[in-house]
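Accompanying notes for the structure given below.
The values are calculated or read from the model by the stated rules, or taken from the named source; none is laboratory data. Worth saying up front: this structure is predicted, and the values here are computed from it rather than measured. Because the Cβ atoms are built from the backbone with ideal geometry, glycine has one as well, and the counts that use them run over all protein chains shown. Surface accessibility is based on the protein's heavy atoms, side chains included, excluding ligands, DNA and RNA. Shrake-Rupley method; radii C 1.70, N 1.55, O 1.52, S 1.80 Å.
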Amino acid sequence: MSEEHVEHPQKPEMDTTSSGIAPYADGLKPQNAFARVPQTDVREFTRKVASNQQTLQKLREGVVKQIPDLSQFGKKTAALAATSALARRDMGEQIRRLARATVPFTAAEQDFARNLGRVLDAHRQTWSRNLGNLVKQALELIPANLRSLALEDLREVMRINEEDGTSLAWAPRVSIVEELIAAPDIDARSAVLVARIAEIANDVDASLAVVTLPEHQILRSLVADSVSALRVGLYGPAQAAATTALDTLLYVHVLDYLQHDPERGKADTRKHFQALDVEEWNDASVAEVELVLVGAGLLTAFRSWRRGRGRPSFNRNGSIHQADDGAYSPAHAVRAVLMAQALMRWLDDSLSKLHGITTAA
């Protein structure tokens, strides 16, 4: 038996003029675009809407990606703050323009774009506020004493950390950091460190005062004792105490924080702070840059020491296992203190943030 064809009555079209919806400010009337559009057009419209949404997502990701760009930092920070309101307003305008993409729009798509533009514009202040918060949070990842440096100077800080087996994060003050950057080699940098010991000791003491977690207080006191030894010229005891504190910080506390295996995770713990090459630096996030500003010297400081063929940089293995083989010097005592202080600050700050504890910059 063949199926009988039954025609169903068509539903009457709705009168959108009497729907009670207030007319749009731009004079365009809401319309049900799908009621009279062929199915192929509906699919095309849906595809374009999805494309527009993907474009907006890329814009958002692009904005977020620019936040870690270190060109925003350093000497440009003040200019960024002065022009932030204008930059955020321009961003809002670009978002609204994006909602009116240049592809050919049907009337329904234009209606969608205008609605999207209104939504984005209505939340422009939220976008601006969130952008400002992202900039602030990104800046806080850079140690306070280094935030005024230009991008190329931050790269130099990483290089000095790696070459000398030390850290310039949080201490010393930026004027001494700039002297170290200007020095031509490790010997010249050693002379700067020894000449400025009193100021460096003050800067390390100020940094250690920010270390507040109970589990770090014994090590904080040990590093503070090494600072006291520096002040009175007891460089050997200062280097020995700071090296011991550094070793315990890295191989007990940081290893545990990173959840590495206690027996096999020492190398991975050191590599967590591995220096970046030029290509990696250009694409690095602020969080990655923070790690090398703090700990790029760790791999150098923990390299092997072969008796009679020591290294010019500060070295943990030489300091502990080959104490009579040239591993000790006044400059290396300062480097050891700076390295221990920086790693302790980073760990204390990281754990404080993890537990929601507010700390000083």
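The table that follows gives values for the structure above.
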quantity	calculated
Residues of region 277-286 satisfying the condition of being surrounded by fewer than 17 Cβ atoms within 10 Å (Cβ to Cβ) and part of a helix (DSSP H, G or I)	Val278, Glu279, Glu280, Asn282, Asp283
Residue in region 288-303 that is part of a loop (DSSP other than H, G, I, E, B), of a type in the set (D, E, K, R), open to solvent by 10 Å² or more (accessible area, probe 1.4 Å) and modelled with pLDDT under 95 present	no
Test: residue in region 264-276 that is part of a helix (DSSP H, G or I), open to solvent by less than 70 Å² (accessible area, probe 1.4 Å), more than 24 Å from Val223 (Cα to Cα) and touching a residue at least 12 places away in the same chain (Cβ under 8 Å)	no
Subset tally (residues that are of a type outside the set (A, V, I, L, M) and without any contact (Cβ under 8 Å) to a residue 60 or more places away in the chain) for region 277-300	6
Residue ID - nearest to Asp164 (Cα to Cα), chosen from residues in region 306-361 that are part of a loop (DSSP other than H, G, I, E, B) and open to solvent by less than 20 Å² (accessible area, probe 1.4 Å)	Ser313
Checking Asp261 against (1) assigned to a helix (DSSP H, G or I); (2) open to solvent by less than 70 Å² (accessible area, probe 1.4 Å), the condition it does not meet	(1)
Scope region 234-268; condition among the β-branched types (Val, Ile, Thr) and within 17 Å of Gly297 (Cα to Cα); matching residues	Thr243, Thr244, Thr248, Val254
Options Gly265, Gly356: the member that is small (Gly, Ala, Ser), out of contact with any helix residue (DSSP H, G or I) (no Cβ under 7 Å at 6 or more places or on another chain) and farther than 23 Å from Val174 by Cβ	Gly356
